[in-house]
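Since the structure comes first, as structure tokens, the remarks are kept for the end.
The values are calculated or read from the model by the stated rules, or taken from the named source; none is laboratory data. Here the structure is a predicted model, which means the values were calculated and not measured. All Cβ positions, glycine included, derive from the backbone under ideal geometry; neighbour counts span all protein chains shown. Ligands, DNA and RNA are excluded from the accessible area calculation, which covers all protein heavy atoms including side chains. Shrake-Rupley method; radii C 1.70, N 1.55, O 1.52, S 1.80 Å.
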Amino acid sequence: MKQFILLITLLGLITGTATAQREADNWIYGWGIWINYSTGEPVRVTSPNITLNSFYGSTSLSDSLGNLLFYSIGVDMFNRNHEIMSNGDGLMGATFATNPCIAFPKPGDHSKYYFFTVGGKTGDNFRAGAEYSIIDMEL
């Protein structure tokens, strides 16, 4: 009987702390296309303020509640208000790369995110290799 009560208590603790992962609810890509998946079905969001223009890859990330945080094609980083973030311009991402950038949460720190870019020729600049930035959403 004690084992049964212990098992029920542990299951209650585990399920009580589970949270949904909604970081991929918003996809912004291409020529200003914004798709939201929060309902389980893709819904196009219209926003005249999106300045993203790319034939190739991009990244966008939402918080755990599904609210858009930021998006990029690897050259400029935009916040949820479609404004370039502080130190978010002139990044290394090659505009012709199929996957010029990727972002994901920093493990153990819910306010910070890693942002990786893959370089190449962007405009008149050639920057081979890869770089990363840490995005601090508390700033």
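For region 66-108, what does the alpha-carbon gyration tensor say about shape, rounded, prolate or oblate, given a ≥ b ≥ c as the root eigenvalues, a/c under 1.5 as rounded, and a/b over b/c as prolate? Mind showing how you got there, number by number?
On the way: a/c = 1.79, a/b = 1.25, b/c = 1.43.
Note, shape of region 66-108 comes out oblate.
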Apply the Karplus parameterisation 6.51 cos²θ - 1.76 cosθ + 1.60, with θ equal to phi minus 60°, to every residue of region 66-78 and state each ³J(HN,Hα) to the nearest whole Hz, in sequence, with x for glycine and proline.
x, 7, 4, 9, 7, 7, 6, 10, x, 9, 10, 10, 10
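How far, in nm, would the chain grow between Glu138 and Phe55 when pulled straight, counting 0.36 nm per residue and subtracting the alpha carbon separation?
Working: separation 83, 0.36 × 83 = 29.88 nm, distance 3.17 nm.
Contour length minus the Cα-Cα distance gives 26.7 nm.
How charged is the neighbourhood of Cys101? Take every other residue with its Cβ under 14 Å from the Cβ of Cys101, and add Lys/Arg as +1 and Asp/Glu as -1.
-2
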Just how much of Arg127 is accessible, in Å², when a 1.4 Å probe is used and the result is rounded to the nearest 10?
90
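Under a Cβ-only charge scheme (Lys and Arg +1, Asp and Glu -1), can you give me the dipole magnitude of region 78-135 about the Cα centre, in debye to the nearest 20?
Numbers: 5 positive and 5 negative charges, 27 e Å.
The calculation lands at about 140 debye.
Between Leu65 and Thr46, what is 0.36 nm times their sequence separation minus the Cα-Cα distance? Round to one decimal in nm.
Values: separation 19, 0.36 × 19 = 6.84 nm, distance 2.01 nm.
Working it through step by step, the gained length comes to 4.8 nm.
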Can you bin region 28-102 into rounded, prolate or oblate? Criterion: square roots of the alpha carbon gyration tensor eigenvalues sorted a ≥ b ≥ c, rounded for a/c under 1.5, prolate for a/b above b/c, oblate for the rest.
prolate
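Determine the gain in length on full extension of the stretch Asn79-Ser38; use 0.36 nm per residue of separation and subtract their C-alpha separation, reporting nm with one decimal. Present the calculation step by step, with values, prior to reporting the outcome.
Values: separation 41, 0.36 × 41 = 14.76 nm, distance 1.90 nm.
Length gained, Asn79 through Ser38: 12.9 nm.
Given R₀ = 30 Å, what would the calculated FRET efficiency be for Gln21 paired with Asp89, taking r from the Cβ atoms and rounding to 0.05?
Numbers: r = 30 Å, r/R0 = 0.99.
Result of the calculation: an efficiency of 0.50.
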